[in-house]
Amino acid sequence: MAGGSGAMVEDPSDRRQATLLQAARRCAAQASSEAVLRTLLEEAVALAGGDDGGIARWDDARRQLLQVASYLPSENSGVPLDVERTASGRAATSRAPVIIHDYQRLGDPNSPAGRRGAHAAVAVPLIHEGRLIGTLSINAYDPAKRFAEDDAAALELLAGIGASALIGRERAQLEAALAVRNELLSEVSHDLRTPLTAAKGQLQLLARDVAAIEGPVGEKLARGFERLERSITRMSEMIDLLRDVALLEAGQPLELRRRPVDLVALTRTEVGEYAELAPSHRLRLRAAEPALVGEWDPARLERVLDNLIGNAVKFSPEGGLVSVVVRREPTDVGEWAVLEVRDRGVGIPEADLPRIFDRFYRAANVSGRIRGTGVGLAGAKQIVEQHGGSIAVQTRPGKGSTFTVRLPVVAPTEDNDLSP
């Protein structure tokens, strides 16, 4: 009550809460990350009582803050912001809200906001699962406008929406790029296979004629034809790899070509190749028996090995030890082959573990620091599971990770459930 008149005075905090709820509802109703960012800026500018605003994306690899969206029409998309002078830059480096008054003197007059004549600015960091994603900032052109701590606190409540939208935008761009690449890979593999198949057929016909030639000349020609046939077979395998990459990244199943495969020999070859490629690392293979033969697709298992051993090397320090173990595990329902790849590298944060095998997902402690797309482990998981197996990881941040693959030695069928 006020002055006994009986009129209710609206609590400003209630009004702000209602505005925040409206903002969340409007953002949730948008169909794309770009639309969410535009809606978020509209609500944030109104909430803080500003005149303009922007959302910037943090590029951890380059240590840059790049403008990606503005409230008012702007041509500043992709423009880097000064991390020391702008409100957004200070919010990013401090990971805390920043308020600047007298922006032309205490801020950055050469920034997009400064050139428009901003007199005050408030910015908050956008953080997702401990990772800095970007910033949300609001500017005022009225010299009398002053932002308060309540304005910063309100923007912080919207920060989660902004971080999620930037993550969605980043993922959508990656998926779009991969979709174009996968379509190209599919077309190239198809176009290459036809002439290669014809060449192989012609080579086989010529080889029969060459077989009729006796003496040293015939032997020399025969050896040459064998080398040519091996080269064509290798090219065919490379084309299959291109097609598989497209299928795996699209999440589509592979057609497995099972045959007896010695996992020990396959692993020894892969370890030997990485020992040559990464001489600064120590790679060690331990096999419980000289051979472990199962019904698997050798080319696809080779890709699983390449991914796991390659990651172990990539995420380990110089001179780090990578241990690979192959062993047999008898169970009541049959025998299993177990492959373990252990490193002493950066490990995986606990918060990232539930999604580490998701397509396009990368752990917070390597995203932006170590190159990768986040599709390798997802593809490895799909290959292993199509074999009727499983893949799991045990890890400690800063101590390393152990990936364990379990494969049934006998191919599973509808009639035999090999689940241990």
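The values are calculated or read from the model by the stated rules, or taken from the named source; none is laboratory data. Note that this is a predicted model, so its numbers are computed, not measured. All Cβ positions, even for glycine, are placed from backbone atoms using ideal geometry, and neighbour counts span all protein chains on display. Ligands, DNA and RNA are stripped out before the accessible areas are found, and what is left, the full protein with its side chains, is counted by its heavy atoms. Shrake-Rupley method; radii C 1.70, N 1.55, O 1.52, S 1.80 Å.
Annotation: per residue accessible area for the stretch 56-181 equals 47 Å², rounded to a whole number [probe 1.4 Å, protein chains only].
With a 1.4 Å probe and all protein chains kept in place, how do Glu289, Glu175, Glu149 rank by accessible area, largest first?
Numbers: Glu289 55, Glu175 85, Glu149 135 Å².
Descending order: Glu149, Glu175, Glu289.
Working from label points 7 Å from Cα in the Cα-to-Cβ sense, the Glu84 to Asp59 distance is 2.0 nm. A Förster distance of 51 Å, applied to the separation of the beta-carbon atoms of Arg259 and Arg25, puts the FRET efficiency at 0.35. The Glu229 and Arg116 beta-carbon pair, evaluated with R₀ = 60 Å, returns a calculated FRET efficiency of approximately 0.30. By definition, a body whose alpha carbon gyration tensor gives a ≥ b ≥ c is oblate when a/c is 1.5 or more and a/b is not larger than b/c, and the stretch 62-132 fits this oblate description.
Remark: the stretch 158-165, residue by residue, has Karplus-estimated 3J(HN,Hα) of 8, 4, x, 5, x, 5, 5, 5 Hz, where x stands for each Gly or Pro and the curve is 6.51 cos²θ - 1.76 cosθ + 1.60 at θ = phi - 60°.
Measuring between their Cα centroids, the stretch 327-350 and the stretch 118-136 lie 41 Å from each other.
Just the protein heavy atoms count here, and of the accessible area of the stretch 35-132 at 1.4 Å, carbon and sulfur take up 45 percent.
Using the Cβ of Gly345 as centre and a radius below 12 Å, the other residues enclosed give a net charge of +3, where K and R count +1 and D and E count -1. Taking a ≥ b ≥ c as the square roots of the eigenvalues of the alpha-carbon gyration tensor, the stretch 11-143 is classed oblate because a/c is 1.5 or more while a/b is no larger than b/c. Taking all protein chains together and a 1.4 Å probe, the residues His119, His101 rank His119, His101 from largest to smallest accessible area. Cross-link partners for Lys314 among the lysines, with Cα-Cα distance under 25 Å and sequence neighbours closer than 8 places in the same chain left out: Lys381, Lys399. For Gln67, nonlocal amide neighbours, meaning residues 5 or more places apart or on other chains whose placed amide H falls under 5 Å from its own, are Arg57, Gly78, Val79, Leu81.
Could you please state how large a percent of the accessible area of the stretch 218-333 is carbon and sulfur, counting protein chains only and using a 1.4 Å probe? Provide the component values of the computation, followed by the final result.
Details: 3480 of 6440 Å².
Here carbon and sulfur together make up 54 percent of the probe-accessible area.
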